[in-house]
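**Q** Can you keep this structure in mind? I'll have questions shortly.
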Amino acid sequence: MSAPLAISTQGMSRTFGGLVAVDQVDLAISAGSIYGFLGPNGCGKSTSIRMLTGLLRPSAGEIKVLGENLMGNEDKIRRRIGYMTQKFSLYENLTVLENLAFVARIYGFSWRKRQQRLAELLQLYDLVGREKQLAGSMSGGQKQRLALAAATLHYPELLFLDEPTSAVDPENRREFWERLFDLCDQGTTILVSTHYMDEAERCHGLAILERGVKRADGSPQQLMQQMAAQVFEIAGQDLRSLKQALIKLPEVLSAAQIGSRLRVLVTNSVSEPLAWLQAKVEEARGAGVQIETQIEMVRPNLEDVFVTCTGQGRHGDVA
Amino acid sequence: MLLRIFAVVVKELRQLSRDRMTFGMIVMIPLVQLMLFGYAINTDARHLPAGVVNLSASAYAPRLVNAVQASQVVDFKRNYANVMEAEAALTRGEVKAVLYIPPDFAERLLRFPNQGQAELPISAQPLARPVAQWLVDGSDTVVAATIKSLRQMPLNEVLDRPVSATVASLEVVQYFNPEQRSVVNIVPGLLGVILTMTMVMFTSAAIVREREQGNMEFLITTPIRPIELMLGKILPYVVVGLVQVSIILGAGHVLFDVPFRGGLDSMALASMLFICASLTLGLVISTIAKTQLQSMQLTIFVLLPSILLSGFMFPYEAMPVAAQWIAEALPATHFMRMSRAIVLRDAQVMELSFDALWLLGFTLVGLVVASLRFAKRLD
């Protein structure tokens, strides 16, 4: 990669007692990109972000943030990063303006600069008219915009967002991502964790985490192309029992019903997957039973990548 | 640095002003406690329920009972036929004391020195015995001491004799609280107790609350330094503490006529030192406790000895040496000494420099400890 790295880690690990929350994660995140951590709850996304922001010390491994070793330089680096926590972490019994003014003072903004920046942020994050509203009384989307305003108030070079959209509706989510791309355009590197596939798909780079281990790393397109499985969709009747039969085969990584279709992932170790699957479907239907079924090969999506990487489809519960 | 401390101060004041309950408590706790302690605590016991066992047929016996009743120390409620019944009544808690008048009461009374026959042969004097006996529920030392004070009750009235004034062997001149009202001593002491309670409580929850409500995770990724956060958390409550001091001393003066002899400047300085010491103590607690409940428990842990060992309830000098050491470690003890000296004895802070310096040292050490203990980390 040509761009300098905003974050690089080697063997980053963290244990809590006997539990390994993050296990030997290597990261290389280029400056100016939006990078995503994708994974289910408890996969180590938050722990990783907390280590990268210096809130938790890694049990092992090296972390470089914005070109400097994190250990020992936390205070210096903290002036250059912004962090939006998973849980709303501003003061609920302060107003929008009071919260922002507090953050501005903490970052040492003079009176004039503060007034200017606050006006700018209120405008940018659509909070004009709500200056005197208590943060605790706002909706999920409004709180999220306020939190983003506070996290970006001091023009951070690197922004950490821990599941920023978990409490907002889809429309607000789309709008929120527009704002992230605006920030990215201005040169901010963004690291965002999510368990939504559609959000992950918007990232420039992506790491899929499962139980503390990085299962895959790359751009969403790369991940889909390099996927170690072929994706088929089966249309027809009685898909529930067909699913039960197919999921037992070791070559089938996942079978999930999506509307009136069954989405099946067949591992690349099968040389002629389409023919193989047709044979297996007929076998499952039993001889002599004539049920019309159509099988076609489809383009993989990120969810397929996720399922292939994590082996979650085996249990039939896809995140 | 100053801007960041200021930011925290402004934030704390805003939050405090939104918290009406706490705001009300700042005023109500001192007022209510002052009334409670001022009116309720009284070490001079009066009107204790008592009984009589009268085995004497003498006409003097009822006169003795009347004389004791007239002292107002006890109210005779019951008569018991014998000592066993009286003891059972004590056990039941029906009465606190029983006056036992023996069958030979009249004889004893007449042989009593200076009371009975004017001249008793020298040889008979050692035979003089107390005329009657008190059976007392001694579990409460205040009750016991009050009844004991009746031991020297003059018997003139019983015998209709003129008072033969006896000369005390030692005379006592009482300075500073001549009327012996306990409230005069309680109000300045109450300052220490109430300030310990509110000040330690406010700050002991301060850091923990931010942690529990999730604010800390954001706060520690900002460039704020621990000492700035600590100072910012303390400063608003110094003002709160001074308001409480004014309420207690003002109301104490108006309601209980507690004199205010010392200088206001001395009092303000002493209070300020104590408030700061208590607030830092709370901060240290706050860096130890993981939840608000734990911080509350630790506050009570500090509060109880501050009430019982600081000299507020019992004289410091009467405690065993080990307890005095513990008391010395508590800021409340030092403040109690200073506030009583200033309010009641017109002492200057300068004359109390040991206690003043101790509180100052406690504050500084506490601030350093709290800042060091507060790592900007989650683990």
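Each value in this text was obtained by applying a stated rule to the coordinates, not by laboratory testing. Computed from a prediction, not measured in an experiment: that's the story for all the values here. Here the Cβ positions follow ideal geometry from the backbone for every residue, glycine too, while neighbour counts run over all protein chains shown.
**Q** Quantify how strongly other chains surround peptide A:101-111 by giving the mean number of their Cβ atoms within 10 Å of each of its Cβ atoms.
**A** The per-residue average across the peptide is 5.
**Q** According to the square roots a ≥ b ≥ c of the eigenvalues of the Cα gyration tensor, what is the shape class of region B:301-374, taking rounded for a/c under 1.5, prolate for a/b larger than b/c otherwise, and oblate for the remainder?
**A** It is oblate, given that a/c is not under 1.5 and a/b is not larger than b/c.
**Q** Separate question: Whole Å is fine, so just give me how far the alpha carbon centre of region B:223-243 lies from that of region A:147-173.
**A** Here the answer is 30 Å between Cα centres.
**Q** How high is the relative contact order of region A:228-299, given as a whole-number percent (alpha carbon pairs under 8 Å, six or more residues apart)?
**A** Relative contact order, region A:228-299: 44 percent.
**Q** With chain B treated as a Gaussian network of Cα nodes joined by springs under 10 Å, which of B:Leu31, B:Leu190, B:Leu359 yields the largest mean-square fluctuation?
**A** With Cα springs under 10 Å in chain B, the top fluctuation among B:Leu31, B:Leu190, B:Leu359 is at B:Leu31.
**Q** Roughly how many debye, to the nearest 20, is the charge dipole of region B:297-379 about its Cα centre, given +1 on each Lys and Arg Cβ, -1 on each Asp and Glu Cβ, and no other charges? It would help to have the intermediate numbers written out before the result.
**A** Details: 6 positive and 6 negative charges, 66 e Å.
Computed charge dipole of region B:297-379: roughly 320 debye.
**Q** Something else about it: Could you tell me whether region A:228-299 comes out rounded, prolate or oblate from its Cα gyration tensor? Rule is a ≥ b ≥ c as square roots of the eigenvalues, rounded for a/c under 1.5, then prolate if a/b exceeds b/c, otherwise oblate.
**A** prolate
**Q** How many angstrom lie between the Cα centre of region B:134-154 and the Cα centre of region A:191-232?
**A** With region B:134-154 and region A:191-232 each reduced to a Cα centre, they are spaced 86 Å.
**Q** Tell me, what ³J(HN,Hα) does each residue in region B:267-283 have, in order and in whole Hz, if you take phi through Karplus 6.51 cos²θ - 1.76 cosθ + 1.60 with θ = phi - 60° and put x for Gly and Pro?
**A** 5, 4, 5, 4, 4, 4, 4, 5, 4, 4, 4, 5, 5, 5, 4, x, 4
**Q** Amide H to amide H, which residues 5 or more places from A:Ala216 or on other chains are under 5 Å from it, using H placed in the peptide plane?
**A** A:Ile208
**Q** Given Cβ point charges of +1 (Lys, Arg) and -1 (Asp, Glu) and nothing else, what value in debye, to the nearest 20, does the dipole of region A:228-299 about its Cα centre take?
**A** 260
**Q** Let me ask something else about it. Please identify every one of the trypsin sites (Lys or Arg not before Pro) in region B:261-354 that sits in a loop by DSSP and has no more than 13 other beta carbons within 10 Å of its own beta carbon.
**A** Within region B:261-354, the qualifying trypsin sites (Lys or Arg not before Pro) (loop, at most 13 other Cβ atoms within 10 Å) are B:Arg261, B:Lys290.
**Q** Sum up the charges of everything whose Cβ sits under 14 Å from the Cβ of A:Leu66, counting Lys and Arg as +1 and Asp and Glu as -1, but leave A:Leu66 out.
**A** Taking every other residue near A:Leu66 into account, the sum is +1.
**Q** As a test, work out the antiparallel percent of DSSP beta bridges whose residues both lie in the protein assembly as shown, rounded to the nearest 5. It would help to have the intermediate numbers written out before the result.
**A** Values: 44 of 73 bridges.
So the antiparallel bridges in the protein assembly as shown amount to around 60 percent.
**Q** Under the Karplus relation 6.51 cos²θ - 1.76 cosθ + 1.60, θ = phi - 60°, what is the ordered set of whole-Hz ³J(HN,Hα) values for region A:240-251, x standing for Gly and Pro?
**A** Per residue, the Karplus-derived 3J(HN,Hα) values read 4, 6, 4, 4, 4, 6, 5, 5, 6, 6, x, 6 Hz.
**Q** Starting from the 7 Å offset along Cα-to-Cβ, what nm value, one decimal, do you get for the label separation of B:Gln294 and A:Cys184?
**A** Placing both labels 7 Å beyond Cα along the Cβ direction yields 4.1 nm.
**Q** Just for region B:48-159, what percent of DSSP beta bridges are antiparallel, to the closest 5? Spell out each step's value before the answer.
**A** Numbers: 4 of 15 bridges.
Beta bridges within region B:48-159, antiparallel portion: roughly 25 percent.
**Q** I want to check the label-to-label distance for A:Glu272 and B:Ala168. Put each point 7 Å from Cα in the C-beta direction and report it in nm to one decimal.
**A** The modelled label-to-label distance comes out at 12.2 nm.
**Q** Under the Karplus relation 6.51 cos²θ - 1.76 cosθ + 1.60, θ = phi - 60°, what is the ordered set of whole-Hz ³J(HN,Hα) values for region A:227-238, x standing for Gly and Pro?
**A** Rounded to whole hertz, the list is 4, 8, 7, 9, 10, 10, 10, 10, 10, x, 9, 6.
**Q** Can you put A:Leu55, A:Leu209, B:Leu269, B:Leu255 in order, fewest other beta carbons within 10 Å first? Please report the intermediate quantities before stating the final value.
**A** On the way: A:Leu55 23, A:Leu209 26, B:Leu269 18, B:Leu255 15.
In order of increasing Cβ crowding within 10 Å: B:Leu255, B:Leu269, A:Leu55, A:Leu209.
**Q** Counting Lys and Arg as +1 and Asp and Glu as -1, each charge on the Cβ, what is the dipole of the protein assembly as shown about the Cα centre in debye, to the nearest 20?
**A** Here the protein assembly as shown has a charge dipole of around 760 debye.
**Q** Name the residue from B:Met1, B:Phe23, B:Ala270 whose Cα lies farthest towards the positive end of the charge dipole of chain B, charges +1 on Cβ of Lys and Arg and -1 on Cβ of Asp and Glu.
**A** B:Met1
**Q** Could you work out the mean count of beta carbons from other protein chains within 10 Å of each residue's beta carbon in B:91-104?
**A** 0
**Q** Please compute the average number of Cβ atoms from other chains found within 10 Å of each residue's Cβ in peptide A:83-90.
**A** Working: counts 5, 2, 6, 2, 5, 4, 9, 4.
Going residue by residue through A:83-90 and averaging, the value is 5.
**Q** Another question, if that's okay. Take chain B, connect every pair of alpha-carbon atoms lying under 10 Å apart with a spring to form a Gaussian network, then pick out the residue of B:Phe105, B:Phe256, B:Phe37 with the largest mean-square fluctuation.
**A** Most flexible of the set in this elastic network: B:Phe105.
**Q** Could I ask something else about it? Once the Cα atoms of helix A:96-106 and of chain A are each reduced to a long axis, what angle between those two axes, in degrees from 0 to 90 to the nearest 10, is obtained?
**A** 70
**Q** Looking at chain B, what % of its DSSP beta bridges pair antiparallel, to the nearest 5?
**A** Among the beta bridges of chain B, antiparallel pairing accounts for roughly 25 percent.
**Q** Any idea what the relative contact order of chain B is, in percent, if you count C-alpha pairs under 8 Å spaced at least 6 apart?
**A** Over chain B, the number comes to 19 percent.
**Q** Okay, next question. For a footprinting-style exposure proxy, rank B:His47, A:His154, B:His253 by other Cβ within 10 Å, fewest first.
**A** Numbers: B:His47 9, A:His154 20, B:His253 14.
Going from sparsest to densest Cβ surroundings: B:His47, B:His253, A:His154.
**Q** For B:Asn79, list long-range residues whose amide hydrogen, built 1.01 Å from N in the peptide plane, is under 5 Å from its own amide hydrogen.
**A** B:Val52
**Q** Identify which of A:Gly218, A:Gly39, A:Gly205 has the largest mean-square fluctuation in a Gaussian network model of chain A, with springs joining Cα atoms closer than 10 Å.
**A** Among A:Gly218, A:Gly39, A:Gly205, the largest GNM mean-square fluctuation belongs to A:Gly218.
**Q** Counting only GluC sites (Glu not before Pro) that sit in a DSSP loop (anything but H, G, I, E, B) with at most 10 other Cβ atoms within 10 Å, what is the longest stretch of chain B containing none of them?
**A** Counting only loop sites that pass the neighbour cut-off, the longest clear stretch is B:180-379.
**Q** Could you list which residues have their amide H under 5 Å from that of A:Leu253, counting only those 5 or more apart in sequence or on another chain, with H placed in the peptide plane?
**A** Here the answer is A:Leu265, A:Val266, A:Thr267, since their amide H atoms fall under 5 Å of that of A:Leu253.
**Q** Suppose R0 equals 25 Å. What FRET efficiency, 1/(1 + (r/R0)^6) with r the Cβ-Cβ distance, do B:Glu85 and B:Ile41 give to the nearest 0.05?
**A** With R0 = 25 Å, the Cβ-Cβ based efficiency is 0.15.
**Q** Summing Lys, Arg as +1 and Asp, Glu as -1, what charge do residues with Cβ under 13 Å from the Cβ of B:Pro130 carry, B:Pro130 excluded?
**A** After counting each charged neighbour, the total is +3.
**Q** Report the extension gain between A:Leu124 and A:Ile258 in nm, rounded to one decimal, defined as 0.36 nm multiplied by the number of residues separating them, less their alpha carbon distance. Walk me through the intermediate numbers first.
**A** Numbers: separation 134, 0.36 × 134 = 48.24 nm, distance 3.90 nm.
Working it through step by step, the gained length comes to 44.3 nm.
**Q** Could you work out the relative contact order of chain A, using alpha carbon pairs under 8 angstrom and six or more residues apart, expressed as a whole percent?
**A** It rounds to 19 percent for chain A.
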